[in-house]
Amino acid sequence: MAARARAASGQHATTLERQAGVNGESPPEEDTSYLSMEDLSNLAVEGAPVITPAWPTISDVHRALRPLQAEADRVGKQVEQFAETLDRLTNDSRRKPQNDCTHALKLVDGYRKIARSTVQYLREIHAPEKQERASARPESSPRNSYGDSSYSTATGDLERWQQEEQTWHLLGVMLQVQYPSSETQQASSKGYLVRPSKAPEINRYSSESDVWFRFLADDDQAWERHSVVEWLKTCAMESGPAIEDVVQDLESDADRGSGLCAHSWLYTKEAIKGQKRLRSWPQALAPDSPGIDASLRNADRSKSLVTQLDPDATTRQARGLEHQDENYERATWLACWEMVRRGQGWDSIRVWCQDRVESWRAIAVRGDPRHHLSKDGKAPGSDAAAGWQSRTLWRKVCAIAAQSDRANKFEAAVYGAVSGYLPSMKKVCCSWNDYLFAHYNCHVLGAFDEYIARSFSNRLPNGLHDKAEKFNFNMTSADRAKSGSHLVTSMRELKTVSEEAKGPFKLLQGSLIGKTFDEFVRNNGALLFQALSRLGRSRNYTKFLRSLEQSQAEGKLPALIKPDDYQIIRIVTHICLIFEGLGIARSKDVRSPGTENFLDAYISFLGRAGKQQLLPLYASFLSRERAISCMAREIRIVVEHGERQTMMRLMKQYELDLPHVLNMQLRMSMKNSEDNEEKDPGYPAMSVLDSKRQGEMRTIKDGFMGSAISDNQHDLINGFEWYILLDDHWEETLATGALLYRYLFKLAGSKGLAAAKEISKRVTFSTLCQRRGGSRSMNNGRAAKEQYVIKRLDTFENLEQLVHALSALEAWQGEVRKKPRDLDMGSPMGKKWRDSLRKAADSVEGMIQPLLHGWLQYSQDESEAVELKQIREACLPEVLLAYTAVLNYSSQYLSRSYLLKSMELGATIAAPDSDLAECFVSSKRMPEMVDALAVTSMNMLLAEEYGIGNKKISAKMGLWTSKDS
C-alpha cells in the first residue's frame with residue numbers, strides 16, 4: 001500500500017538540504033485581504049510544486065486541541081473505525097488497478113455501515129427532539145433538510161450523519177454505474193442496482209417491464225439518472241419524517257380527527273344533502289339547477305360548491321369544496337406525493353388508498369413503468385399483468401391533468417411524477433433532493449417515452465400524435481438541465497434551496513453527480529492549504545475565516561466547504577483514496593495538489609485530536625516528500641517513550657522514512673523559529689562573565705545559561721529525543737545533534753543555552769554509544785570507521801563537552817552564592833560549604849579539560865571548518881577566562897593549588913603545539929587572559945606572603961614555585 005502511494009511521487013530528493021528546499025517554503029504569514037478565485041487557482045494548478053504550510057509550535061497545537069476535543073470525543077470511535085476499515089481492506093487486496101468497483105464497493109459499504117450505525121445510535125437518543133422539530137415545520141416544506149446547517153445540538157449531528165450515510169450510498173451508486181461490479185449478486189445484496197442485460201430481444205408483444213429493462217440497458221445516461229432517482233427515493237424513505245407527521249397540520253385543519261381514514265369530502269357532502277332536503281329533490285343535484293349557485297356555497301359564502309361527489313366533480317363543474325374538505329384533499333394528495341417521492345410501489349400505495357376508501361387515487365400512479373418491478377428492481381411485480389400495451393398515453397393524460405387549475409399542487413405533483421411533467425413537481429419541491437428528483441425523474445420518463453416512440457412505435461395507440469393540440473406540449477417547459485453539472489450549479493441560484501445547495505454535503509454530492517469531483521477537490525484543497533498555513537496562529541486563522549466568508553458573500557469565491565468541517569474533510573479524503581485504489585485517474589496527475597491537501601488537512605486534524613497512531617496509515621498515501629513534511633509536523637506532539645516506540649513501529653510498517661522525517665522536523669522548526677529574527681549571521685560571543693571590576697578578577701554571572709526554553713526549542717528537544725530510538729542511523733544522529741547544538745549556540749544573548757543544557761541531559765553522547773553497542777569513549781572502534789564518521793563523532797561529543805563545561809561553571813557560581821555571610825572556616829556550616837565548593841570546582845576542572853586539546857578541530861569540508869572556527873572563537877576565550885576566575889576564587893577558600901592550575905592553563909595556552917592561543921588572538925581577547933594570569937601571579941605572591949593554602953607545591957612550575965609558609 002505504501003509503495004503504491006509513493007510510486008506516483010516520482011523521483012525524490014537525494015539529500016536533506018534538497019528536501020528542506022522543496023518543502024520548506026512558507027506562504028505569507030499575514031494576509032488580511034479578501035480572497036479571490038485567482039488566489040485559489042494559483043495554488044490549485046495541476047503539477048504545481050508542493051509547498052509545506054508554516055508550522056505552529058507544540059504550544060499552538062495544545063491551544064488548538066481544546067476546541068477540537070469535543071469533536072474528537074464525538075467522532076473518535078468513527079474515526080478509528082474508518083482507519084481500521086481502510087487498513088484492513090487495502091491490505092486484503094494487494095491488487096492491480098481494476099476495471100470494476102468490486103473492491104471499492106467493499107470499502108464504501110464499510111464506511112456506509114459505520115455511518116448507519118452512528119445514525120441508529122443517535123436516532124434512538126434524539127428521535128423525540130427531531131420529531132418535534134419536524135412537526136413544527138411549515139406545510140410548504142414538509143421534508144426540507146437542514147443537515148447542512150451548523151447546529152450545535154445533537155440533532156444537528158444526527159442529520160449530518162444521515163447526510164454522510166447518504167453520501168457513501170451515492171458514491172457506491174455512481175461507482176456501480178460507471179464501473180459496474182463483476183460480482184452482481186454481491187452488489188445487489190448491498191442495495192445497489194444491477195444494470196439489466198440486453199437479452200432477450202424485445203418485440204411488440206413484450207411486456208412494458210421488459211421494454212423498460214431494455215431501455216435501461218441501451219441508454220447509459222438514463223441508467224445513471226435512474227440510479228440517482230432510486231438513491232433519492234431511498235434517502236427520502238430513510239431520513240424523512242413519518243407521513244403522519246408530514247400531513248399533521250393539514251389533517252388538523254380538515255377537522256375530522258387523525259388518520260385520513262374519515263369519509264372523503266365530509267363537509268361538502270353535508271352541504272349537498274342539506275340542499276337536497278330543502279328542495280325535496282330525490283334526484284342528484286345538477287350545476288344548472290335553479291338557484292343552486294346562490295344557495296349551495298361554502299361556509300364563508302366565497303365560492304360555489306360541487307353538486308356531486310365523484311373525483312372529477314371539481315374539474316368538470318369548475319366548483320370548489322368546503323374549506324375542511326379542501327385541506328383533507330390536500331393532505332391526502334400530500335401523502336400520495338410522499339409515497340411516490342419515497343419510492344413506495346403501487347401495491348403499497350393501493351393498500352394505503354383502500355384503507356381510506358380512496359382506491360381511485362392509486363390508479364393515477366399505474367402509469368409509472370418502474371411500478372412493474374418488484375422491490376429488488378429486477379423481477380416483474382404484481383402490476384406486470386398490464387400486458388404489452390404501452391402506457392405512454394396514460395402518462396400523457398396525467399401530464400395534462402397536472403396542468404389543471406382545479407388540481408391542488410400536491411395532486412398535480414403526483415401526476416407530474418408519474419408522467420415526468422416537470423413544472424408541476426417543481427411547485428412542491430422544497431429541498432435540494434426534491435429538485436434533483438424532479439429533474440432526473442422527468443428526464444428518465446421522457447427518455448423512455450422517446451425510446452418507445454423511436455424503437456417500438458407500433459406499441460403506441462393509433463392517433464396519439466395526431467391530436468397535436470392536446471398532446472403536443474413540452475414536458476419540461478424548456479427548463480430541463482442539459483447535464484447533471486448544469487443542474488447542480490443552477491440549484492445554487494434558487495432562493496428556496498440556495499443555502500442548502502451551498503452546504504458541504506450537497507457540494508460534495510453534487511460533484512459526484514455532476515462528475516466534477518476533480519474540480520471540487522482542487523478548489524477546496526487549495527482553500528485547505530491556505531487554512532493549514534495559518535493553523536495554530538489563532539489571530540491569522542480567524543482573519544482568514546472571516547475573509548473567506550466575506551469573499552463568498554460578495555461572490556468572489558464559489559461555494560466551498562469550511563476549513564474546520566472535519567467530517568466533510570474525512571469523507572472527501574477517503575473518497576480520494578477509494579478512487580486511487582480503484583485505479584481511476586481522476587486527473588492528469590493522480591496525486592494532485594488538491595488530493596494531497598485534503599490528506600494533509602485530515603492528518604492535521606487527527607494529530608490535533610489525539611489520534612497519533614492513525615497518522616502513519618494516512619501519511620503512507622501521500623507522495624514521499626509530502627509524507628515526510630506532514631509527519632515531521634505532527635510527530636512533535638508525541639513525547640511519551642512508549643508512544644514513540646509505537647509510532648516508530650507503525651512508520652516502519654507503512655515504509656515511511658523516519659530519519660528524513662526527524663531531520664525535516666528539526667530543520668523546519670529551526671527555520672520557522674521566532675528566534676531567527678534576532679539571529680546574526682555569525683556566532684555571538686558567549687557571555688559568561690560579569691563586567692570587569694577594578695582590581696579583581698571578573699566573576700561569573702548568576703544563572704548565565706538561563707532557564708527559559710521557548711516553545712520552538714521544546715519542539716527541537718522533543719524532536720531530537722526520537723534519535724535515541726533509531727537503529728542503524730548512527731551517522732545521521734550525530735550529524736543532527738551537532739547541527740542542533742550549533743543552532744542553539746548561534747542564538748543571540750545566550751537564548752539557546754538552556755535548551756542546549758536540556759539536550760545534554762536527555763540525549764547524551766554516552767547514551768547514543770550504548771544504544772549502538774559501544775562505550776562512551778570516542779576512540780572506540782575508530783580504526784574501522786571512515787574519516788567522515790570520525791569527524792561527525794568528534795563534533796557532536798565536543799559540542800556536548802562545551803555544554804557540560806558551561807553547566808559546571810553555572811553550578812559552581814551557584815555554590816558561591818550559597819556562601820554564608822559570616823563565614824567561619826572551622827564551623828560545620830563553613831566546612832559543609834567548602835566541601836560543596838570543592839566538588840563544584842573539581843567538576844569544572846574535569847569538564848574544562850576536554851576543551852584544552854584539539855577541541856572542535858575535525859570538519860567535513862571547508863565551510864564547516866569556517867563555522868567550527870567561529871564557534872571556537874566565540875566560546876573558548878570566554879569559557880577559559882571564566883575557568884581562571886573559578887580557580888582564583890577557589891584558591892582563596894580551598895587551596896593554593898588552584899592558583900597553580902591557573903598558571904598551568906597559561907602554559908597550556910602558550911605551548912607551541914596549542915590551538916588555544918589562536919582563538920584568543922583572533923577574538924582579540926588575549927589581553928584579558930594576560931590580565932587574568934597577572935592577577936593569578938599576584939595572588940600567588942600574596943598567598944606565599946600570608947601563608948595561605950596547603951604545603952603541596954608542583955615541582956613542575958619552575959618560576960611559579962614558592963616556598964611554603
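The values are calculated or read from the model by the stated rules, or taken from the named source; none is laboratory data. Quick caveat: nothing in here was measured; it's all calculated off a predicted structure. Heads up, the Cβs are rebuilt from the backbone with ideal geometry, glycines too, and the neighbour counts pull from every protein chain shown. Accessible surface areas use protein heavy atoms only, side chains included; no ligands, DNA or RNA. Shrake-Rupley method; radii C 1.70, N 1.55, O 1.52, S 1.80 Å.
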Unsatisfied cross-links (Cα-Cα over 25 Å) in the set Lys515/Lys611; Lys671/Lys757; Lys190/Lys233: Lys515/Lys611
Heavy atoms only, probe 1.4 angstrom, no DNA, RNA or ligands counted: give me Lys761, Lys611 ranked by accessible area, highest first. Lys761, Lys611
Going through the cross-link list Lys427/Lys506; Lys396/Lys506; Lys106/Lys426; Lys652/Lys751; Lys276/Lys303; Lys818/Lys924, which pairs have a Cα-Cα distance over 26 Å in this structure? Lys396/Lys506; Lys106/Lys426; Lys652/Lys751; Lys818/Lys924
Going by average Cβ density within 10 Å per residue, which order do the peptides 652-658, 888-894 take, highest to lowest? 888-894, 652-658
Relative packing of peptides 569-578, 275-284, 289-298, 396-405 - highest average C-beta neighbours within 10 Å first: 569-578, 396-405, 289-298, 275-284
What are the trypsin sites (Lys or Arg not before Pro) within the range 692-747 that DSSP puts in a loop, where the Cβ has at most 11 other Cβ atoms within 10 Å? Arg693
